[in-house]
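Asker: One structure, pasted below without further comment.
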Amino acid sequence: MSAIAERKLVRTTFFLLISFLSSFLLMGASAPPSGYSVLQKIPIAGQGGFDYLTVDEAARRLYVSHETQVEVLDIDSLTLVGSITKTPGVHGIAIAPALRRGFVSNGQASTVTIFDLKTLKPIADVPTGKKPDAIIYDPATSRVFAFNGGSNSATAIDAASGKVAGTVDLKGGPEYAAADGNGFVYNNLEEESQVLKIDARKLTVEQRWPTAPCASPSSMAMDRATRRLFLGCRSKVMAVVDADSGKVITTMPIGDHVDATAFDPETKLIFNSNGEGTITVIHEDSPDKYSLVETVKTMPRAKTMALDPKTHRLFLSTVENGQFEVLVVGK
């Protein structure tokens with residue numbers, strides 16, 4: 001081989017090596033795939049609509065809204081163990097484990113049903129505003145907040161006594177919410193593209209923040225440690241919002257028609273379930289930096305979701321060929 005040929009070979013080898021190392025470093029800089037997929041489909045008898053799901057991590061139960069009742073599953077055996085009936089137009093389920101009580105928002109009846117977590121038997125029905133939808137429990141105040149889509153308000157219920165503590169005028173149609181554990185509750189106003197900071201003790205709206213470039217925020221989760229809100233937006237982005245200043249830190253692309261967002265504190269993964277039949281998985285690299293992990297294929301209309309922090313599995317409900325079912329998504 002001539003000296004010129006040798007030099008060309010060395011240069012070619014060098015550039016190939018640099019190219020390989022660059023590709024390797026770029027791959028290492030991005031988050032690895034989550035490995036999530038649909039593991040199982042649990043068929044449940046009956047027809048009708050559905051909305052939110054809620055996991056009771058300690059009791060190992062999954063509560064699934066289903067038109068006029070709540071289906072209750074054991075999340076370890078993945079079997080149906082009971083139901084809570086007479087919850088017309090059920091939307092959401094909140095639990096207060098220390099009080100051994102659960103709360104169901106009944107959109108058609110404009111009430112919240114209180115039930116016993118052990119026996120699943122109803123305890124009382126509490127009047128709310130019109131068409132209560134999302135519902136959460138705030139452990140800092142021991143209050144349940146039912147967000148009334150038909151009256152642009154939130155009804156606060158004392159979880160122990162079951163009595164209405166007051167009503168918050170939201171001045172807009174509420175979507176999902178999250179509690180920070182320090183006495184503040186956050187709620188999306190979808191049509192107004194705002195997020196509200198509510199004082200859960202005073203029952204007043206303390207702040208109203210615009211969510212642009214996120215439009216129509218419909219879902220919410222929170223990393224309490226980093227004080228970050230994760231808003232799923234119908235404009236096909238997830239917005240990261242500082243829970244203290246209201247500043248939109250960044251946005252990440254997600255799928256179409258998002259309706260639920262969940263955060264796993266252990267893995268730092270954020271899941272957005274989309275009505276198109278996907279889950280967008282995003283990793284929280286740091287409070288201000290996020291990376292897209294992957295898009296997991298589920299089923300069309302599987303847009304609501306609950307996370308089991310113990311197993312890191314996700315549960316979604318949908319209808320497939322007329323069959324109501326719960327999807328189990330995990331590794």
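The values are calculated or read from the model by the stated rules, or taken from the named source; none is laboratory data. Everything numeric here is computed off the predicted structure, so don't read it as measured data. Backbone-built Cβ (ideal geometry, glycine too); neighbour counts: all protein chains shown. We work out accessible area using only protein heavy atoms, side chains counted, and drop any ligands, DNA or RNA first. Shrake-Rupley method; radii C 1.70, N 1.55, O 1.52, S 1.80 Å.
Quick grid of which residues meet (1) hydrophobic (A, V, I, L, M, F, W, C); (2) buried (at least 22 other Cβ atoms within 10 Å of the Cβ):
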| site | (1), (2) |
| --- | --- |
| Glu266 | no, no |
| Leu269 | yes, no |
| Asn272 | no, yes |
| His283 | no, no |
| Lys289 | no, no |
| Lys303 | no, yes |
| Lys310 | no, no |
| Val326 | yes, yes |
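Asker: Filter the stretch 163-191 down to residues that are exposed (fewer than 15 other Cβ atoms within 10 Å of the Cβ) and among the acidic types (Asp, Glu) and give me whichever is nearest to Asp256 (Cα to Cα).
Answerer: Ranking the candidates gives Glu191 first.
Asker: Next up: Being crowded, with 20+ Cβ neighbours inside 10 Å, more than 17 Å from the chain's Cα centre (by Cα) and not charged (D, E, K, R) narrows it down to one residue among Gln207, Gln194; which is it?
Answerer: Gln194 is the lone residue from the list that is crowded, with 20+ Cβ neighbours inside 10 Å, more than 17 Å from the chain's Cα centre (by Cα) and not charged (D, E, K, R).
Asker: If a residue must be part of a strand (DSSP E or B) and acidic (Asp, Glu), how many such residues does the stretch 243-294 contain?
Answerer: 5
Asker: If you don't mind, another one. Among the residues of the stretch 88-130, which ones are of a type in the set (Ser, Thr, Tyr) and over 18 Å from Glu71 (Cα atoms)?
Answerer: Ser110, Thr111, Thr128
Asker: I need a count of the residues in the stretch 118-132 that are under 24 Å from Ala260 (Cβ atoms) and open to solvent by 10 Å² or more (accessible area, probe 1.4 Å).
Answerer: Counting residues in the stretch 118-132 that are under 24 Å from Ala260 (Cβ atoms) and open to solvent by 10 Å² or more (accessible area, probe 1.4 Å) gives 5.
Asker: On to the next question. Please find, among Lys197, Lys303, Lys202, the residue that is within 30 Å of Val164 (Cβ to Cβ), of a type in the set (Lys, Arg) and assigned to a loop (DSSP other than H, G, I, E, B).
Answerer: Lys202
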